[in-house]
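A short reminder: the numbers here are calculations on the coordinates, not readings from a lab. None of these values were measured; they are calculated from a predicted model. Here Cβ is always computed from backbone atoms with ideal geometry, including for glycine, and neighbour counts include all displayed protein chains.
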Amino acid sequence: MGQAQFKNFPYDIGLQKASYNHGGWALHDGVKKEDNSKVSIFISPTTELSQNYAKRLKTIRHPNIIKYIDTQEINNSVYLVTEHITPLEEDLPIGFGESGKHPDYYIWGIFQILQALSFLNLEHKLVHANISPSSIFVSDSGDWKLGSFDFLSEISPPSTPSSPSSSNPELLSLIKKHHESSIPSHLKPLELLQSNYPLILKSPSYSIDIFQLSLLIYFVFNSKFPPLPTPPSTTITLPGNSKIPKTLAPIFNTIFKTFSNPGNRPSPKSVLASEPFTRQTKAYRTALRD
């Protein structure tokens, strides 16, 4: 039965991306048998999280979210087929400036991820909860795209402070079951590090994701994550000797300092309305690629 299922699988599975091993997923290059078009194929054991990833990606369309093509479950594994992409980590310089790409190329990429977060967090009240270099991919045309929707869930603030049960419980279910083992501590703001679920439900839908975006900004330009306090300490210290461009540093500083204050974090929309993102136009993007 398993062999027959693979025989009917309409894609050839190619080499595995050695640089990618995230959340139990392996990533392979692939080819659609019908027309030899390139695809990417994510493969994971069938779990609650991998099924959520496939289900969510199938229903979401946005230019800065990886494009879903197909899903099949074969031999207790999920085969998730998407447009052909490359893990962001293959696109990042070993030491910043060694890739030959202008810093504004990376600012443009962060701008694109902010657009994806604005779409998810503000338009659809969805939280990703696992923003990191491993959840971002680069398309063949050079656009940055968000993936890794294992935890993606609705989050709605309670109708009254005294009735948190009115919020969709799915977010709490996925995070309670899996965040301790599946989301590393260096990606967690204080409310997630302390499993403070009532505070998560009361906070803006973007609070976790926008904080994780600040960590992504730091990683892109420094090839490491900034140090976070270890509870019970909540004192945040801005890291020194950062290579973040001066135009982007104020945004990182503002968000990073809200480690223990989710209500003070800016929304993706407000960040997009600030420098340097207000100058991210199509013509500007084209100039960066040339």
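Taking amide H positions as placed in the peptide plane 1.01 Å from N, state which residues far from Ile69 in sequence (5 or more) or on other chains have amide H under 5 Å from it.
Amide H neighbours of Ile69, under 5 Å, 5+ apart: Val81, Thr82, Glu83.
From the convex hull of the Cα coordinates of the range 1-141, what is the mean projected area in square nanometres?
Working: hull surface 37.6 nm².
Projected over every direction and averaged, the Cα hull of the range 1-141 covers 9.4 nm².
For the range 65-75, what does the Karplus curve 6.51 cos²θ - 1.76 cosθ + 1.60, with θ = phi - 60°, yield as ³J(HN,Hα) per residue in whole Hz, taken in order and with x for Gly and Pro?
Result, ordered by residue: 10, 4, 7, 6, 10, 6, 9, 9, 10, 9, 6 Hz.
Need one word for the range 177-219: rounded, prolate or oblate. Basis is the Cα gyration tensor (sqrt eigenvalues a ≥ b ≥ c); a/c below 1.5 gives rounded, then a/b vs b/c decides.
On the way: a/c = 2.32, a/b = 1.18, b/c = 1.96.
Oblate.
With unit charges on the beta carbons (Lys and Arg positive, Asp and Glu negative) and the dipole taken about the Cα centre of the chain, which residue among Thr254, Ser139, Val220 sits farthest to the positive side?
Final value for the positive-end residue is Thr254.
Towards the positive end of the charge dipole of the chain, with charges on Cβ (+1 Lys, Arg; -1 Asp, Glu), say which of Leu80, Phe277, Ala116 has the farthest Cα.
Of the candidates, Phe277 comes out farthest on the positive side.
Identify all lysines with a Cα-Cα distance to Lys269 below 23 Å; exclude those on the same chain that are fewer than 8 residues away in sequence.
Within reach: Lys67, Lys125, Lys145, Lys188, Lys202, Lys246, Lys257, Lys282.
Could you tell me the relative contact order of the range 27-83? Use alpha-carbon pairs under 8 Å, at least six residues apart, and round to a whole percent. All intermediate terms of the calculation are to be shown ahead of the outcome.
On the way: 86 pairs, mean separation 20.2, N = 57.
Normalised by residue count, the contact order of the range 27-83 is 35 percent.
Label the range 1-71 by shape, choosing from rounded, prolate and oblate, from the square roots a ≥ b ≥ c of the eigenvalues of the Cα gyration tensor; if a/c is under 1.5 it is rounded, and otherwise prolate applies when a/b is larger than b/c, oblate when it is not. Could you put the intermediate results ahead of the total?
Working: a/c = 1.35, a/b = 1.20, b/c = 1.12.
Here the range 1-71 falls in the rounded category.
Under a Cβ-only charge scheme (Lys and Arg +1, Asp and Glu -1), can you give me the dipole magnitude of the chain about the Cα centre, in debye to the nearest 20? Provide the component values of the computation, followed by the final result.
Values: 27 positive and 24 negative charges, 110 e Å.
Value, rounded to 20: 540 debye.
Taking the alpha-carbon centroid of each part, what is the distance from the range 208-262 to the range 27-68 in angstrom?
The range 208-262 and the range 27-68 have Cα centres spaced 31 Å from each other.
If one puts a single equal scatterer on every Cα of the chain and applies the Debye formula without solvent, what log₁₀ I(q)/I(0) results at q = 0.07, 0.12 Å⁻¹?
-0.27, -0.79
I need the peptides 260-266, 30-36 ranked by packing, meaning the mean over residues of other C-beta atoms within 10 angstrom, with the highest value on top.
Values: 260-266: 17.3, 30-36: 12.4.
So the order, starting with the most tightly packed, is 260-266, 30-36.
So how compact is the range 196-252: Cα radius of gyration and Dmax in angstrom?
Values for the range 196-252 (Cα only, Rg and Dmax): 13.1, 36 Å.
Karplus couplings for the range 19-36 from phi (6.51 cos²θ - 1.76 cosθ + 1.60, θ = phi - 60°), rounded to Hz, Gly and Pro as x?
6, 10, 8, 9, x, x, 8, 9, 10, 10, 6, x, 9, 6, 4, 5, 9, 6
Which cross-chain or sequence-distant (5 or more) residues have an amide H under 5 Å from the amide H of Ser19, H modelled 1.01 Å from N in plane?
none
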